[in-house]
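Notes to accompany the following structure.
Taken together, the values in this text are just the output of simple stated rules run on the coordinates, not laboratory data. All values reported here derive from a predicted model rather than from experimental measurement. When we count neighbours, we look across all protein chains shown, and the Cβ atoms used for this are built from the backbone with ideal geometry, even at glycine.
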Amino acid sequence: MKVLITGGTGYIGSHTVVELIDNKNDLIILDNLSNSSVDVLDGIKKITGKKPYFIKLDLTDTKATNDFFDNNTDIEAIIHFAAYKAVNESVENPLMYYKNNLISLMNILTNMNKHDIRNLVFSSSCTVYGQPDKNNLPVTENSPIKKANSPYGNTKQISEDIIIDTLSANKNLKAIFLRYFNPIGAHKSSFIGELPLGVPNNLVPFITQTAIGIRKQLNVFGGDYNTPDGTAIRDYINVVDLAKAHVIAINRLINNKNKSQYEIFNLGTGKGVSVLEAIKAFEKSTKVKLNYKIVDRRPGDIEQVWADTSYANSELGWKAETSLEDTMLSAWNWEKYIRNKK
Ligand code: NAD
Ligand code: UFG
């Protein structure tokens, strides 16, 4: 029986594929390549010695998705990464986000019902907490779900609700929501990493592309937040550490070790880091000076959020281990590797 990885050539998906292959899980990777490239499969092969089975498919294409599931009846579990993920882009183009993220999910759930596929790990996000009250930081899995700050965040809130309602109508289904904080860095081999198509939206790819000279300057969005240095605070987690949590989560479901029909875990480091601190960590670990400037806030951004990870630590036996400096260095090594290759 196989595990289907949607969005498997993407950033977090590809790192998870490597960890799953190491764990001897049998996989199918599905992606429409809207934000990734098939070359990722070569990187996965270089690391693991295996090139997993890949299918190019758009999950919003209901007929093609149904045909795929009709033709692949050996799937027992799904890790659903496929989605659009840029907060600011979702503010500019909300319908693109609602359409892609929600229709994809509904097509997956329809086929889980139809084909009796019982196990789902869903890529959720700390954006579901909206802007937590100061006295509610760090956020636990039970922190209030406040109004989302962006259409993207709203798609994650709605997605969780859609899954919960689907589970409530079909008691055979089980799900784990992994609420990621801010994944950064690359595999230590530098054979895979974060490679957004076009101008990066996320902080760390923008940092590394500025450092290597592709971008002139990093804009730091907002220096007037109510934080110690005025810049926004996030919980930056190493992507390989994050990927390892997926191996635990999917096998927990497959082996019926879950404690309730759906479970929620925060995946972060437990530490809040400001944008300026992130830049300093990059400069310290790489010895590269970064050209940056503080500019206006970015629409849709929240001020600060970081995770209480004690539930994931105790219940999954999982902990983020890699330091921020080592993670920044891995992102830099990846950037240098990918530019030299081209
Ligand atoms: P990514 O863009 O690198 O990967 C997503 C992949 O899904 C891409 O390869 C893209 O081509 C594919 N995809 C998108 N729409 C699709 C569709 N309709 N059909 C098939 N494939 C489709 O992003 P990522 O950083 O790896 O994020 C993976 C998941 O984690 C997403 O659901 C994202 O919302 C969530 N998440 C990401 C972060 C983050 O900071 N990276 C944080 C929290 C949650
Ligand atoms: N930032 C800059 N300059 C940039 C890019 C980002 O200052 O060029 C700042 C942002 O304003 C924010 C911080 O760096 O304060 C992190 O921004 P990212 O875009 O890297 O990450 P976000 O927190 O906005 O969102 C990311 C993912 C979402 C996910 C969320 C979880 O894109 O999918 O993390 O926190 F849900």
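Would you kindly calculate the translational diffusion coefficient of the stretch 189-342, applying Stokes-Einstein with the Kirkwood radius from alpha carbon pairs, for 25 °C and a viscosity of 0.890 mPa s, and quote it in µm² s⁻¹ without decimals?
This corresponds to a translational diffusion coefficient of 144 µm²/s.
For Cα pairs less than 8 Å apart in space and 6+ apart in sequence, what is the mean separation divided by the residue count of the chain, i.e. the relative contact order in percent?
About 20 percent, as a whole number.
Restricting to the chain, compute how many DSSP beta bridges are antiparallel as a %, nearest 5.
5
Take His115, His246 and order them by how many other Cβ atoms sit within 10 Å, fewest up front.
With the fewest neighbours first, His115, His246 line up as His115, His246.
What shape does the stretch 4-62 have by the C-alpha gyration tensor, where a ≥ b ≥ c are the square roots of the eigenvalues, rounded means a/c under 1.5, and otherwise prolate means a/b greater than b/c and oblate the rest?
Prolate.
Mind pulling the per residue volume of the convex hull built on the Cα atoms of the stretch 28-86? Å³ is fine.
Cα convex hull per residue, to the nearest whole number: 101 Å³.
Relative to the longest principal axis of the chain, what angle (0 to 90°, nearest 10) does the C-alpha long axis of helix 275-286 take?
With both axes taken from Cα atoms, the answer is about 90 degrees.
Antiparallel DSSP bridges in the stretch 1-147: what percent, to the nearest 5?
0
So what is the relative contact order for the stretch 222-342, in percent, with contacts set as C-alpha pairs under 8 Å and at least six apart?
38
Running a GNM on the chain with Cα contacts under 10 Å, which residue among Ser330, Ser125, Ser34 ends up with the highest mean-square fluctuation?
Maximum among the listed residues: Ser34.
Distance from the Cα centre of the stretch 299-318 to that of the stretch 66-141, in angstrom?
18
So how compact is the stretch 229-300: Cα radius of gyration and Dmax in angstrom?
Gyration radius and largest Cα-Cα distance of the stretch 229-300: 17.7, 50 Å.
Taking Rh as the Kirkwood radius computed over C-alpha pairs, what is the Stokes-Einstein D of the stretch 1-134 at 37 °C in a medium of viscosity 0.692 mPa s, expressed in µm² per second?
Calculated translational D: 211 µm²/s.
In Å, what Rg and Dmax follow from the Cα atoms of the chain?
Values for the chain (Cα only, Rg and Dmax): 19.1, 55 Å.
Could you order the peptides 309-319, 20-30 from most to least packed, using the average number of other C-beta atoms within 10 Å per residue?
Answer by packing, highest mean first, reads 20-30, 309-319.
Express in % the proportion of alpha carbon pairs of the stretch 169-214 at distances exceeding 12 Å.
The calculated P(r) of the stretch 169-214 puts 73 percent of pairs beyond 12 Å.
For the stretch 213-252 and the stretch 4-21, write down the distance between their C-alpha centroids in whole Å.
19
Calculate the dipole size of the chain relative to its Cα centre from +1 charges on Lys and Arg beta carbons and -1 charges on Asp and Glu beta carbons; express the result in debye to the nearest 20.
700
In whole percent, what relative contact order does the stretch 5-157 give with Cα contacts below 8 Å and a gap of six or more residues?
Value for the stretch 5-157: 21 percent.
What shape does the stretch 172-247 take by its C-alpha gyration tensor, where a ≥ b ≥ c are the square roots of the eigenvalues and a/c under 1.5 counts as rounded, a/b above b/c as prolate, and the rest as oblate?
Note, shape of the stretch 172-247 comes out oblate.
Averaged over all directions, how much area does the convex hull of the C-alpha atoms of the stretch 149-195 cover when projected, in nm²?
So the mean shadow area of the Cα hull is 5.3 nm².
Would you kindly derive the ³J(HN,Hα) couplings of the stretch 128-133 from the backbone phi angles with the Karplus curve 6.51 cos²θ - 1.76 cosθ + 1.60 (θ = phi - 60°), listing them in order in whole Hz, with x for Gly and Pro?
5, 7, x, 8, x, 4
Could you state the angle between the C-alpha long axis of helix 62-71 and the longest principal axis of the C-alpha atoms of the chain, as a value from 0 to 90 degrees rounded to the nearest 10?
60
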